[in-house]
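The values are calculated or read from the model by the stated rules, or taken from the named source; none is laboratory data. Please read all numbers here as calculations on a predicted model, not as lab measurements. FYI the Cβ positions are ideal-geometry reconstructions off the backbone, even for glycines, and counts take in every protein chain you see.
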Amino acid sequence: MAQYTKHPVAAPPTAPERESTGHLLLRGYVIVVLIITFAHSAVYNLLGINGAGVTLAVFTLATLGIGIPMLARNRPQPFRWRRLPWTALGYTTLALVSVAWSQWRGPTLLTWALLAAVTVNGLFIAHVLTWHEIVRALSSAFKWILGLSLAIELWVSLVLHGPLLPNFQTFPDGKLDPQWYWVRDNLFDGGRIQGIVGNANLLAIISLFAIITFGVLFAARARWRTTLAMWMLLAAYFLFRTASATALACAAAVAVVLAVALLMRRARTPGARTRIYVVAIGGTVVAATAVWLLREPLLTLLGRSTDLTGRSDKIWSEVLKRAGEHPLFGNGFSSPWIPTDPAFDHWITDHGITVFHAHNMWLDVLLQLGVLGVILMAVAYVSLLWRSWFFAIDRPRWDLDAERPFSPLTLLPSLFTIVLLVQGLSESTPIMLWGWMLLVLLSFKLKSVPLVGVGERDLVFERGARQRRVP
């Protein structure tokens, strides 16, 4: 007998597709690698130089152990050899070859191993994760660093009631220079806080990276947006409390670039884009000129000396003097400088501590690898800036549909690149450790996968990502 039903004739409902356990573990491993890389100074302060070296070696070997079998099986996708960041790899090769003429062969070999390890991990992350996964992994890593920074600051202030030295050493009799402290116990007294990384300037830059990452996820309408907003507030608080002039300059540059990128996205004609370029470039030139002319009162307002805290008079002049001895190929690679090596020991000191980089990435490269190294580094960063900019402002298009919505995630590479370039004017971190990892990772990913979600593995969260159409 026929039966009547209000239910349509269709396949029975099925459970949603889920990621494999192996891939979830892989994403977790990448998060740990990012934490270790961005919070490298925390590992050093916790385990010492030998422990930090062993940690880096273990994770590099683990990356090779995971990555080589995946390459052999072409998983999760064939490795795009032609899309490798060849200029960055050329710089890495030059750094190794420089041992032939290096004035400090020991530091060259030691720091090149560090550079190679960071390069391998950057290539690995770009290959095994999609754009969405990379942004989510960065977000998780920054949350851990910010959360641990808040925890250690609270512990030092509420439990220890005094400054904390590296490796949990006991506090000696007498007063030490604050530069030696891991955490200075400044959370409630209004001073600069350092967090788990033990450096206010480093914590400030990480906080800025975190704000950018959380912001693009928030704009992409990711889940738990209220929680993301709270993490953004914590990152903004750290950025304010670190009182880093470099980080504030980077934040201002990011704000300008973000505004221009959003305007470019709304431009409908090439002429409109040209006008935006003219206004943006002209405004930047005027603003840069004004900042240069008013640098003394501005630096005084920020509590900084006119020589940029000893950079121009004490550090940069000495670096230029030594760089002039071997201008074409440099004195030999060493990023960072090894303070215990005779070539650097008490060469340039700050508060009685041997400085371990030039506080300007271009001068540092000139010192180490000469004009040839500067050219390679400039090409690598200009290439990254060029690709990341058009990745951010051009609509995603691979067929006749020219009205696809923009993804907020495409803004992240260009904003990160701007931070690295501006920071490189007063710091050398963009050419080593996490700065170099970001250069390699973003360059390789932009060359191999220039569209979010297209040419990548077809994951559920990518197909279901909620995006807002931008007119």
Item to complete: Would you mind stating whether S157 is among the polar types (S, T, N, Q) and crowded, with 20+ Cβ neighbours inside 10 Å?
Response: no
Worksheet item: (1) in a loop (DSSP other than H, G, I, E, B); (2) within 21 Å of L433 (Cβ to Cβ); (3) not aliphatic (A, V, I, L, M): which one isn't true of G122, the others all being true?
Response: (1)
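Checking the conditions here, which among L409, L420 is under 12 Å from F209 (Cβ atoms), of a type in the set (A, V, I, L, M) and either modelled with pLDDT of 90 or more or in a helix (DSSP H, G or I) (or both)?
On the way: L409 fails: under 12 Å from F209 (Cβ atoms).
The unique qualifying residue is L420.
Name the single residue that is modelled with the lowest pLDDT among those in the stretch 172-193 being surrounded by 13 or more Cβ atoms within 10 Å (Cβ to Cβ) and hydrophobic (A, V, I, L, M, F, W, C). Break it down stepwise before answering.
Within the stretch 172-193, the subset surrounded by 13 or more Cβ atoms within 10 Å (Cβ to Cβ) is 178, 180-187, 191-193.
Still in the running and hydrophobic (A, V, I, L, M, F, W, C): 180, 182-183, 187, 193.
Working: W180: 79, W182: 87, V183: 88, L187: 86, I193: 92.
Within the stretch 172-193, the match that is modelled with the lowest pLDDT is W180.
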Worksheet item: Is it the case that G28 is surrounded by fewer than 15 Cβ atoms within 10 Å (Cβ to Cβ), at pLDDT below 95 and within 24 Å of I206 (Cα to Cα)?
Response: yes
Worksheet, complete the sentence: The residue that is surrounded by the most Cβ atoms within 10 Å (Cβ to Cβ), considering only those in the stretch 318-354 that are in contact (Cβ under 8 Å) with a residue 40 or more places away in the chain and outside any loop (DSSP other than H, G, I, E, B), is V319
Practice prompt. Determine if the stretch 427-441 includes at least one residue that is out of contact with any Cys (no Cβ under 8 Å at 6 or more places or on another chain), on the phi < 0 side of the Ramachandran plot, assigned to a loop (DSSP other than H, G, I, E, B) and at pLDDT below 90.
Written response: no
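For (1) under 18 Å from H23 (Cβ atoms); (2) part of a loop (DSSP other than H, G, I, E, B), each residue gets a yes or a no:
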residue: P76; (1), (2): yes, yes
residue: R82; (1), (2): no, no
residue: S102; (1), (2): no, yes
residue: T111; (1), (2): no, no
residue: L115; (1), (2): no, no
residue: S140; (1), (2): yes, no
